[in-house]
Amino acid sequence: MGPQTDSVQSSPSLPAKTQIAIIGGGIIGVSTALYLAQRGIPVTLLEKGVIAGEQSSRNWGWCRHTGRDSREMPLIVESMKQWAQMNALTGRETGFRTTGIAFAAEKEENLEKWREWVSIAKEHGIDSQVVGKQQAEALAPGLQRSLYGALYTAADGRAEPQKAAPAIAEKARELGAVIMQNCAVRRIETTNGRVSTVITEQGAIECEAVVIAGGSWSRLICSDLGITLPQLKMRSSVLRTTPVEAGVASAIAFSDFALRKRMDGGYTVASLSGSIADIVPDSFRFLPKFIPALRTEWKTVRLRFGQRFIEEAFEWKLRPADQTSIFEKIRILDPEPHKASNQAVFKALQQALPAFKNVQIAQQWAGLIDTTPDIVPVISPLDHLPNCIVATGFSGHGFGIGPGAGKLIADMVTGEKPVVDPSPFHINRFSDGSKIHIEMW
């Protein structure tokens, strides 16, 4: 079982029509709903399961400027402004705190690579620093390994994934948004080159525009509109510990584990190199586009062939609108965590930080990360359906960037001036002959 999310009250019934229909109740979908509802725009959010039931409650909870692709920098700057006021805006606890984030340098060559990134950060007004050995080791009191330094950003922070999206959704509902849970979208209908109706398991809803923010499901949803979205899923395993006074306030990533303090007194622990790519039919379909990413991440990604190939080959298909959809059969993607990897990560944590010696693993879970070939999201209208915005493929960056992305999407779908330039996120970059560009830091 995945982590328990805060509950969200569903609206009483599906309206016959709305101005904007949002498919997906993760951090991107609920943030978009909030910023639309703030403007008094009728919006209905359609979620097949529960708010934040999938990756939006299963991520690490990091809200970071640090190490972003340069294309994401303007958006994360805006997003962090939104995070800073999110508790006040929603009137609820999202868990956001500015605590700093560090990436520890266990090899000297890390430092030069990070200095290059710091120069990019400064262009966007972000005060990241490459700190020395003494300051880096002080971030993790009692550390039993030597560091050369760290990449540190004091303005970075953390939030609670099980609380944040539900808090945002509840505020959106208070402001007039319709929030429908356990309401799967079966098909999207078009009229005269525009999306006109969304067919759900609870009936049809007319709309003037649609936002597809379905995370790992977006590829299948887009295929209903004749769109080939190059997106694969990465399985990431996470654990949380029982409460402990470890003295580690900033979130820190080491070569073999990463941790951040939780509001419940424990720590969320995972690894930068613990991702599994389950081989599925789409793995072969999109292999040419993902080759650059595979070359770059070969040492940190493990390929697995198993039951998921059969499931997606035969079950993950669109069906007529009057039939039960795959979205209803799988309300929440709840993959098994890779417990051997989690045990290795936990052992490394205990060896590096003696304060965790007697701590227990309280829970383990996994999530499926929606990933694009260049590890940068798609936030884009569709050429043949201009009133349809696709917002997906956040590639493990979505939680921190979510509020900013929601504000951008709200601008785009209503025709207002975008808060940041959306052109780097256009879907056409995967089909216009452009070379896939991956930034590693």
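The values are calculated or read from the model by the stated rules, or taken from the named source; none is laboratory data. This one's a predicted model, so the numbers in the text were calculated from it and none came from an experiment. When we count neighbours, we look across all protein chains shown, and the Cβ atoms used for this are built from the backbone with ideal geometry, even at glycine. SASA here: full protein model, heavy atoms, side chains in, ligands and nucleic acids out. Shrake-Rupley method; radii C 1.70, N 1.55, O 1.52, S 1.80 Å.
Could you tell me which numbered condition VAL238 fails, if it satisfies all but one of (1) in a strand (DSSP E or B); (2) over 19 Å from HIS397 (Cα atoms); (3) touching a residue at least 40 places away in the same chain (Cβ under 8 Å)?
(2)
Sort through GLY393, GLY415 and tell me the only one that's open to solvent by 50 Å² or more (accessible area, probe 1.4 Å) and either of a type outside the set (S, T, N, Q) or closer than 26 Å to THR18 by Cα (or both).
GLY415
Those residues that are open to solvent by less than 30 Å² (accessible area, probe 1.4 Å) and over 22 Å from ALA355 (Cβ atoms), I need them from segment 158-177; list them, please.
ALA159, PRO161, GLN162, ALA164, ALA165, PRO166, ALA167, ILE168, ALA169, GLU170, ALA172, ALA177, listed by residue number.
For segment 21-53, give me the residue count where each residue is more than 21 Å from ILE188 (Cβ to Cβ), open to solvent by less than 10 Å² (accessible area, probe 1.4 Å) and of a type in the set (S, T, N, Q).
Looking only at that region, the number is 1.
Please find, within segment 372-389, the residue that is most open to solvent (accessible area, probe 1.4 Å) out of those that are under 26 Å from ILE332 (Cβ atoms) and either modelled with pLDDT under 95 or not in a strand (DSSP E or B) (or both).
ILE375
Which of (1) closer than 22 Å to ALA172 by Cα; (2) surrounded by fewer than 20 Cβ atoms within 10 Å (Cβ to Cβ) is the odd one out, the single condition SER56 does not satisfy?
That leaves (2) as the condition not met.
Quick check on ILE221: is it among the β-branched types (Val, Ile, Thr), farther than 30 Å from ILE101 by Cβ and in a helix (DSSP H, G or I)?
So ILE221 passes the test.
Looking at (1) open to solvent by less than 50 Å² (accessible area, probe 1.4 Å); (2) part of a loop (DSSP other than H, G, I, E, B); (3) aliphatic (A, V, I, L, M), which is the one condition that is false for LEU272?
(1)
May I ask you to list pairs of residues, at least six apart or on different chains, whose Cβ atoms are under 9 Å apart, with the first in segment 180-203 being outside any strand (DSSP E or B) and the second being open to solvent by less than 30 Å² (accessible area, probe 1.4 Å) and of a type in the set (Lys, Arg)?
GLN181/LYS48; ASN182/LYS48; CYS183/LYS48; ALA184/LYS48; GLU201/LYS48
Scan segment 41-67 for residues that are in a loop (DSSP other than H, G, I, E, B) and either of a type in the set (Gly, Ala, Ser) or in contact with a strand residue (DSSP E or B) (Cβ under 9 Å, 6 or more places away or on another chain) (or both) and report the count. Walk me through how you get there before you give the answer.
Within segment 41-67, the first condition is being in a loop (DSSP other than H, G, I, E, B), and the residues that meet it are 41-42, 47-54, 59-61, 64-67.
Retained after the next criterion (residues that are either of a type in the set (Gly, Ala, Ser) or in contact with a strand residue (DSSP E or B) (Cβ under 9 Å, 6 or more places away or on another chain) (or both)): 41-42, 47-49, 51-54, 59-61, 64-67.
Summing the residues that are in a loop (DSSP other than H, G, I, E, B) and either of a type in the set (Gly, Ala, Ser) or in contact with a strand residue (DSSP E or B) (Cβ under 9 Å, 6 or more places away or on another chain) (or both) in segment 41-67 gives 16.
For segment 131-148, check the following and say yes or no: at least one residue is among the β-branched types (Val, Ile, Thr), within 18 Å of ARG64 (Cβ to Cβ) and surrounded by fewer than 22 Cβ atoms within 10 Å (Cβ to Cβ).
yes
Filtering segment 76-116 down to residues that are in contact with a Ser or Thr (Cβ under 7 Å, 6 or more places away or on another chain) and farther than 30 Å from ARG173 by Cβ, which residue is surrounded by the most Cβ atoms within 10 Å (Cβ to Cβ)?
Out of the qualifying residues, it is ILE101.
State which residue pairs qualify: first residue more than 30 Å from GLY142 (Cα to Cα) and of a type in the set (Val, Ile, Thr) and inside segment 327-349, second residue in a helix (DSSP H, G or I) and open to solvent by less than 60 Å² (accessible area, probe 1.4 Å) in any location, beta carbons under 9 Å apart, and separation of 6 or more residues or different chains.
ILE330/TRP217
Exactly one of (1) surrounded by 13 or more Cβ atoms within 10 Å (Cβ to Cβ); (2) modelled with pLDDT of 90 or more; (3) not charged (D, E, K, R) is unmet by ALA340. Its number?
(1)
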